[in-house]
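A short worksheet on the structure shown next.
The values are calculated or read from the model by the stated rules, or taken from the named source; none is laboratory data. Keep in mind that what you see is a predicted model, and the values were worked out from it rather than measured. All Cβ positions, glycine included, derive from the backbone under ideal geometry; neighbour counts span all protein chains shown.
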Amino acid sequence: MTHWNQFIVSDRKVLLGKPTIKGTRLSVEFILKLYANGWSEQQILENYPRLTREALQAVFAYVHECMQDGLLFPNEAQAA
């Protein structure tokens with residue numbers, strides 16, 4: 001599994017501290033939105049040449065770990 005902490009960083013001076021891919025202003029949220037809108041890995045890599053396949057894998061590893069830690073679960077009032 002990709003070690004996301006080599007690729008995902010958070011800096012309050014960049015996008016108000018949203019998790020981003022190191023060396024870019026591309027947030028994890030933005031990358032996930034591209035995938036949700038039907039973009040392929042190839043399309044993302046072609047349009048954002050500073051990204052690597054490993055960086056994209058790190059996005060998913062990061063989200064996976066957040067879900068394991070319970071950081072992405074809605075509270076019960078929101079889920080109802």
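So here's what we get for this one:
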{"item": "Scope the range 1-57; condition in contact (Cβ under 8 Å) with a residue 24 or more places away in the chain and acidic (Asp, Glu); matching residues", "result": "Glu54"}
{"item": "Residue match in the range 2-18 (condition: at pLDDT 95 or above and of a type in the set (Asp, Glu))", "result": "no"}
{"item": "Within the range 18-59, tally of residues that are under 14 Å from Ile8 (Cα atoms) and among the aromatic types (Phe, Trp, Tyr)", "result": "1"}
{"item": "Leu16 loosely packed, with under 14 Cβ neighbours inside 10 Å and assigned to a helix (DSSP H, G or I)", "result": "yes"}
{"item": "Yes/no for Leu32 being in a helix (DSSP H, G or I), exposed (fewer than 15 other Cβ atoms within 10 Å of the Cβ) and in contact with a helix residue (DSSP H, G or I) (Cβ under 8 Å, 6 or more places away or on another chain)", "result": "yes"}
